[in-house]
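A.B. asks: The structure is given below, and queries will be raised subsequently.
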Amino acid sequence: MTSIGGYAFSSCSGLTSVTIPDSVTSIGYWAFKDCIALTSVVIPDGEISIGRGVFSGCTGLTSVTIPDSVTSIGDRAFWGCTNIRAIQIPAGFDLAQLMLALPEPTEFTVEPVVTREQLCFDVGHSPESIMGKGAMQRGFAKLLFLCSERMARINKAEDSTLLDKLPILPPEIWFEIMSRVYTEYVSEEVKPISSDALMLTDGEKGRIEQYKAFKQSHETFNSEVTLVSLEKE
């Protein structure tokens, strides 16, 4: 199953929880409209779009977690869900799009608290274990980066006499270094839904783009390494 059709479970008053299968990539409009007993919804990590009014009128919902795999949310997706108290969104999620999906702020019984997740790059380790090793690792990685950047500038200079003495670190070395360093791009924010602090600043938007670029480079590098490994076998 790759999609849930429009009005598929509309007005199923006995439905109390929903777990969307990983294979589903889209949920049609008003699919769970007026499921008043629904208190729990689990959205998968795979890419998925949520249509217009999908959970409209589900007054039993008290919390919503939107994974970063959600590509879009239709307007009024949570219209009438006035008992929502807690909302969790990924760091780069469009808050304006979320506001169109929710009831008006004045309609909530109690103003919800939104947790905008932290965005970090951490390959193969938990953030706690990396942070526990202290700032020295991160400082060392930064130093290597600055040194390599400086060497690249010298190498590009036409009158440089040190061209063959300043090798640039190959990509695999950088990825090995970064795989052991915890890098935070955007910090966590926990604020009432009406707070302006939840909106991304220009600097945060820039750091999210940096994160996406590095993540893409890392994924490309890993796929190339896997390909080489398979060829050797």
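A.B. asks: Applying the Karplus parametrisation 6.51 cos²θ - 1.76 cosθ + 1.60 with θ = phi - 60° to the phi angles of segment 67-83, what ³J(HN,Hα) value in whole Hz is obtained for each residue in order, glycine and proline being reported as x?
C.D. replies: With the stated coefficients, segment 67-83 comes to x, 6, 7, 6, 7, 6, 10, x, 5, 6, 4, 10, 4, x, 7, 7, 9 Hz.
A.B. asks: Taking the Cα centre of segment 5-116 as origin, work out the dipole magnitude from +1 charges on Lys and Arg Cβ and -1 charges on Asp and Glu Cβ, in debye rounded to 20.
C.D. replies: Charge dipole of segment 5-116: 200 debye, to the nearest 20.
A.B. asks: Sort 85, 116 by Cβ crowding within 10 Å, fewest neighbours at the top.
C.D. replies: 85, 116
A.B. asks: Could I ask something else about it? Could you sort 6-14, 64-72 so that the peptide with the highest average Cβ count within 10 Å comes first and the rest follow in order?
C.D. replies: Taking the mean over residues of other Cβ atoms within 10 Å, the ranking is 64-72, 6-14.
A.B. asks: Name the residues whose placed amide hydrogens come within less than 5 Å of the amide hydrogen of residue 49, ignoring near sequence neighbours (fewer than 5 apart) on the same chain.
C.D. replies: 26, 27, 71
A.B. asks: Here is a follow-up. So if each residue of separation counts as 0.36 nm, and I subtract the Cα-Cα distance between residue 37 and residue 197, what length gain in nm does that give?
C.D. replies: Value of the extension gain: 54.3 nm.
A.B. asks: In nm, what is the difference between 0.36 nm times the number of residues separating residue 69 and residue 100 and their Cα-Cα distance?
C.D. replies: Once the chain is fully extended between residue 69 and residue 100, it gains 9.3 nm.
A.B. asks: Still on this structure, I have one more. Apply the Karplus parameterisation 6.51 cos²θ - 1.76 cosθ + 1.60, with θ equal to phi minus 60°, to every residue of segment 95-106 and state each ³J(HN,Hα) to the nearest whole Hz, in sequence, with x for glycine and proline.
C.D. replies: Running phi through 6.51 cos²θ - 1.76 cosθ + 1.60 with θ = phi - 60° gives 5, 4, 5, 5, 4, 6, 7, 9, x, 4, x, 6 Hz.
A.B. asks: Could I ask something else about it? 5 Å is the cut-off here: which amide hydrogens, built 1.01 Å from N in the peptide plane, fall below it relative to residue 10, excluding neighbours closer than 5 in sequence?
C.D. replies: Placed amide hydrogens put 33 under 5 Å from residue 10.
A.B. asks: OK, next. Tally Lys/Arg at +1 and Asp/Glu at -1 over every other residue whose Cβ is under 14 Å from the Cβ of residue 31; what's the total?
C.D. replies: My count for the surroundings of residue 31 gives +2.
A.B. asks: For residue 120, which sequence-distant residues (separation of 5 or more, or a different chain) have an amide H within less than 5 Å of its own amide H, given hydrogens modelled in the peptide plane?
C.D. replies: 185
All of the numbers you see were taken from the coordinates with simple rules; none came from a lab. Here the structure is a predicted model, which means the values were calculated and not measured. As a convention, Cβ positions derive from the backbone with ideal geometry for all residues, glycine included, and neighbour counts pool all protein chains shown.
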